[in-house]
């Protein structure tokens, strides 16, 4: 009997013990059975969240597929993922946020897709459903595949969450995991480095539920979002400058349009418009972007703007 590749699932957890069991069980219930689950507890010792997480993990103590690792102190999500990566033994890795859950056949479908492709394809993703407040459901409207490095640098590739990336372990090790300097956009930064040298595949099946019901909206101020954008652009500045002028302009315009969107929420529209003008966003692209934003609200679908 042919033994299928092992798939490692890394679940970082912090301050959400209530939902962790749902995430773990969704992996245990997969139709694909050759798995290991690495739960990385990023709570500070002796906190209520750490104690509750430890108590919850007791129910899984006899399951040899599950590895439970505790940080000596809180670090961040990127560091927790890196801790998990160091312990994986599978040929493929996927990540799952502690409040998200997999559809029962997710690993089987993604493994079947990626394992059928040559090694120039480093990762794949699927459709998803994003559960928001007031029972609102946002569906995936993204379906692009292939060479998407520029789109990743633009951050216009909406795969929904880091939970939606299924990737070859060799690729993760090649790029040395996550950049722990990123407290936000860590998944986007990681994806950009993956897609520098590899193609991204897509399957149209809805295999992931991303939970946003309990996430705090508006967590970062407008100024903080600008700071995070600058951190991302600075990280990839040497790569961006090597791109053709057309692609450099696309990246600058997209960041300007996204800043405009954030300026609306922060009621600082003049600043957002001024940044668009400074980055030479043409009126045609601006109008298309406004229509795109309205379209996302009407269709309740999440997808990136193509510029």
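Only one residue in 37, 11 is without any contact (Cβ under 8 Å) to a residue 40 or more places away in the chain, under 26 Å from residue 128 (Cβ atoms) and not in a helix (DSSP H, G or I), so which one is that? Lay out the reasoning, then the answer.
Working: 11 fails: without any contact (Cβ under 8 Å) to a residue 40 or more places away in the chain.
The match here is 37.
Does residue 282 count as touching a residue at least 60 places away in the same chain (Cβ under 8 Å) and either in contact with a strand residue (DSSP E or B) (Cβ under 9 Å, 6 or more places away or on another chain) or exposed (fewer than 15 other Cβ atoms within 10 Å of the Cβ) (or both)?
Values: touching a residue at least 60 places away in the same chain (Cβ under 8 Å): no; either in contact with a strand residue (DSSP E or B) (Cβ under 9 Å, 6 or more places away or on another chain) or exposed (fewer than 15 other Cβ atoms within 10 Å of the Cβ) (or both): yes.
So residue 282 does not fit the description; no.
Do we find a residue being closer than 16 Å to residue 8 by Cα, surrounded by fewer than 18 Cβ atoms within 10 Å (Cβ to Cβ) and either touching a residue at least 40 places away in the same chain (Cβ under 8 Å) or not assigned by TED's automatic domain parsing to the domain that holds residue 179 (or both) anywhere in segment 115-125? Let's see the steps before the verdict.
Of segment 115-125, the ones closer than 16 Å to residue 8 by Cα are 115, 122-125.
Next, only the ones that are surrounded by fewer than 18 Cβ atoms within 10 Å (Cβ to Cβ) stay: 115.
Still in the list and also either touching a residue at least 40 places away in the same chain (Cβ under 8 Å) or not assigned by TED's automatic domain parsing to the domain that holds residue 179 (or both): 115.
Yes, that holds for at least one residue.
Rundown of residues vs (1) more than 20 Å from the chain's Cα centre (by Cα); (2) under 15 Å from residue 154 (Cβ atoms), yes/no style:
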{"residue": "222", "(1), (2)": "yes, no"}
{"residue": "237", "(1), (2)": "yes, yes"}
{"residue": "247", "(1), (2)": "yes, yes"}
{"residue": "251", "(1), (2)": "no, yes"}
{"residue": "261", "(1), (2)": "yes, yes"}
{"residue": "265", "(1), (2)": "yes, no"}
{"residue": "269", "(1), (2)": "yes, no"}
{"residue": "283", "(1), (2)": "yes, no"}
{"residue": "302", "(1), (2)": "no, no"}
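I need the full set of residues from segment 44-74 which are crowded, with 18+ Cβ neighbours inside 10 Å and in a loop (DSSP other than H, G, I, E, B), in order please.
Matches in segment 44-74: 71 only.
Just one of the numbered conditions (1) in a strand (DSSP E or B); (2) under 21 Å from the mean Cα position of the chain (by Cα) is not true of residue 83; which one?
(1)
Looking at segment 103-116 only, could you name the residues that are outside any helix (DSSP H, G or I) and in contact with a strand residue (DSSP E or B) (Cβ under 6 Å, 6 or more places away or on another chain)? Reasoning before the result, please.
Within segment 103-116, the subset outside any helix (DSSP H, G or I) is 103-105, 116.
Answer for segment 103-116, where residues must be outside any helix (DSSP H, G or I) and in contact with a strand residue (DSSP E or B) (Cβ under 6 Å, 6 or more places away or on another chain): just 103.
In segment 134-179, which residues are in a helix (DSSP H, G or I), within 21 Å of residue 91 (Cα to Cα) and touching a helix residue (DSSP H, G or I) at 6+ places or on another chain (Cβ under 7 Å)?
We begin by selecting, within segment 134-179, every residue in a helix (DSSP H, G or I); these are 134-135, 149-154, 162-164, 169-174.
Filter again for within 21 Å of residue 91 (Cα to Cα), leaving 162-164, 169-174.
Passing the criteria: 162, 171, 172.
So which residues in segment 15-34 are surrounded by 18 or more Cβ atoms within 10 Å (Cβ to Cβ) and either in a helix (DSSP H, G or I) or not assigned by TED's automatic domain parsing to the domain that holds residue 169 (or both)?
17, 20, 23, 24, 26, 27, listed by residue number.
The values are calculated or read from the model by the stated rules, or taken from the named source; none is laboratory data. What you see is a predicted model, and the numbers here were worked out from it, not measured in a lab. Counting neighbours? That spans all protein chains shown, and the Cβs are built from the backbone with ideal geometry, glycine included.
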